[in-house]
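In what follows, a single structure is set out as structure tokens and then discussed.
Nothing in this text is a laboratory measurement; each read-out follows from the coordinates by a stated rule. Not measured: the values here are computed from a predicted model. Quick reminder, even Gly has a Cβ in these numbers, built from the backbone with ideal geometry, and neighbours come from all protein chains shown.
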Amino acid sequence: MLFSEPLHVGKPNVGDRQQFDLLVDRIFETRWLSNSGPLVVELEERIADYLGVRHCVSMCNGTVALEIAIRALGLTGEVIVPSYTFVATAHALHWQGLTPVFADIDPETHNLSLDSVRSLITPKTSGIIGVHLWGRPAPVAGLEEIATEHNLELMFDAAHAFGNMDSGRMIGSSGRAEVFSFHATKFFNTFEGGAVVTNDDALAERIRLMRNFGFVDFDEVVYPGTNGKLPEVSAAMGLVNLASIDAFIANNRANYEAYREAFADDDSLELLSFADEPRGNYQYVVVELAGEAVQHRDRLVAELHAENIRARKYFWPGCHQMEPYKGLYPNAGENLPNTAVVADRVVVLPTGSSVDPADCAVVAGFIRERLASYALDQVADASV
Ligand SMILES: *Cc1c(COP(=O)(O)O)cnc(C)c1O
């Protein structure tokens, strides 16, 4: 086995433990454990500042943040989403009694195809949820144009994109609202957590209300809200991790560069590139197998696992192939040719705090060696 300890795709990035302990001491001294305590307020201000957005409403996780944003925007009927995303994007709609309509992706960017989105609009469509997949910006301008033309709401699932930029601007200001996940395995974490960010004052107010049962005062409830609150201890983690964010980025970037160098002259796969923005989280190292190598993807992943390299087949096989969507919309795949092709080719490689550039070189070397050996087997088979 190449590694005695498993190498993960999303081992948590954690900041300074002493700073965290100091904040936890403060929580115990004040006994303010939840309900918009001082650490939550501070974290929300810092994140809004970091992203250059007017409001950050923190949440207990990204999925509830999506549900609340969906509800606050008043979405109804059908909402267009990519199938090639983490299943929570679709589940959030389903839990709100809405129909996710799965659109295809552009095979180059892995983000929504504008033509596919256009082709799926019906009189029941109320909105579009774009996903900044792998942290690379969704086609925001094109989606805005479609939304305006058809009078649709537009929001974004930015769960992969914390700390990333789009055309020189931090991701977080597009559409009516954007949603982040601060789950433990995400680039920036609060153990569990998330946020809705928006520049819309009234929308932010409605979302805050929904997050806290609809309470406007001690005994006055004006809305059937839910409980989406982030606890203080999570905010403490967020503050500490935010202070280390540049170090997390530097670590991921060095890993990414090590993979890039090791794969540079290999044409059996392509390492997905990121735009040259001033800032980016490099959270996902995504390789797309090419040519003959594609048919060996699952074998490669199994062999990586056998070496304690926990590579992943994200987001195979696409949400439309998962229940309840597979049963509810058995023909959805007809609209999703690129999703099927991409989902069969992708392997996501370990990075983050459990991995350093020397590990990445070993992982890449192993992958190259395996792909070359599959190719040789094939040549041998063909000559029999
Ligand atoms: C992680 C993730 C979510 C869900 O966030 P949680 O905080 O785990 O609830 C939603 N959408 C995408 C694209 C994700 O990757």
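Within region 190-211, the set of residues being part of a loop (DSSP other than H, G, I, E, B) and within 9 Å of the ligand (Cβ to nearest atom) comprises GLU192, GLY193. Contact map, region 33-47: residues that are among the β-branched types (Val, Ile, Thr) paired with residues that are assigned to a helix (DSSP H, G or I), Cβ distance under 6 Å, separation 6+ or inter-chain. Pairs shown: VAL40/ALA235.
Quick check: is even one residue across region 173-189 more than 9 Å from the ligand (Cβ to nearest atom), among the aliphatic types (A, V, I, L, M), touching a residue at least 12 places away in the same chain (Cβ under 8 Å) and touching a Pro at 6+ places or on another chain (Cβ under 8 Å)? No, every residue in region 173-189 fails to be more than 9 Å from the ligand (Cβ to nearest atom), among the aliphatic types (A, V, I, L, M), touching a residue at least 12 places away in the same chain (Cβ under 8 Å) and touching a Pro at 6+ places or on another chain (Cβ under 8 Å). Would you call ASN35 of a type outside the set (Asp, Glu), within 30 Å of ALA364 (Cβ to Cβ) and either touching a Lys or Arg at 6+ places or on another chain (Cβ under 8 Å) or part of a loop (DSSP other than H, G, I, E, B) (or both)? It is false that ASN35 is of a type outside the set (Asp, Glu), within 30 Å of ALA364 (Cβ to Cβ) and either touching a Lys or Arg at 6+ places or on another chain (Cβ under 8 Å) or part of a loop (DSSP other than H, G, I, E, B) (or both). Only one of the numbered conditions (1) surrounded by 14 or more Cβ atoms within 10 Å (Cβ to Cβ); (2) in contact with a strand residue (DSSP E or B) (Cβ under 9 Å, 6 or more places away or on another chain); (3) not aliphatic (A, V, I, L, M) is not met by ASN227, and that is (1).
Quick check on region 260-279. Is at least one of its residues under 16 Å from LEU349 (Cα atoms), touching a residue at least 24 places away in the same chain (Cβ under 8 Å) and part of a strand (DSSP E or B)? Within region 260-279, one or more residues are under 16 Å from LEU349 (Cα atoms), touching a residue at least 24 places away in the same chain (Cβ under 8 Å) and part of a strand (DSSP E or B). Here ASN252 passes the criteria (1) in a helix (DSSP H, G or I); (2) surrounded by fewer than 21 Cβ atoms within 10 Å (Cβ to Cβ) except the one numbered (2).
When restricted to residues that are within 13 Å of the ligand (Cβ to nearest atom) and either of a type in the set (A, V, I, L, M) or on the phi < 0 side of the Ramachandran plot (or both), region 130-163 contains 14. The number of residues in region 42-95 being over 19 Å from ILE146 (Cβ atoms), within 16 Å of the ligand (Cβ to nearest atom) and in a strand (DSSP E or B) comes to 4.
Counting the residues of region 116-136 that are closer than 21 Å to VAL342 by Cα, in contact (Cβ under 8 Å) with a residue 40 or more places away in the chain and assigned to a loop (DSSP other than H, G, I, E, B) gives 2. Is one or more of the residues making up region 369-381 surrounded by 15 or more Cβ atoms within 10 Å (Cβ to Cβ) and in contact with a strand residue (DSSP E or B) (Cβ under 9 Å, 6 or more places away or on another chain)? Yes: one or more hits.
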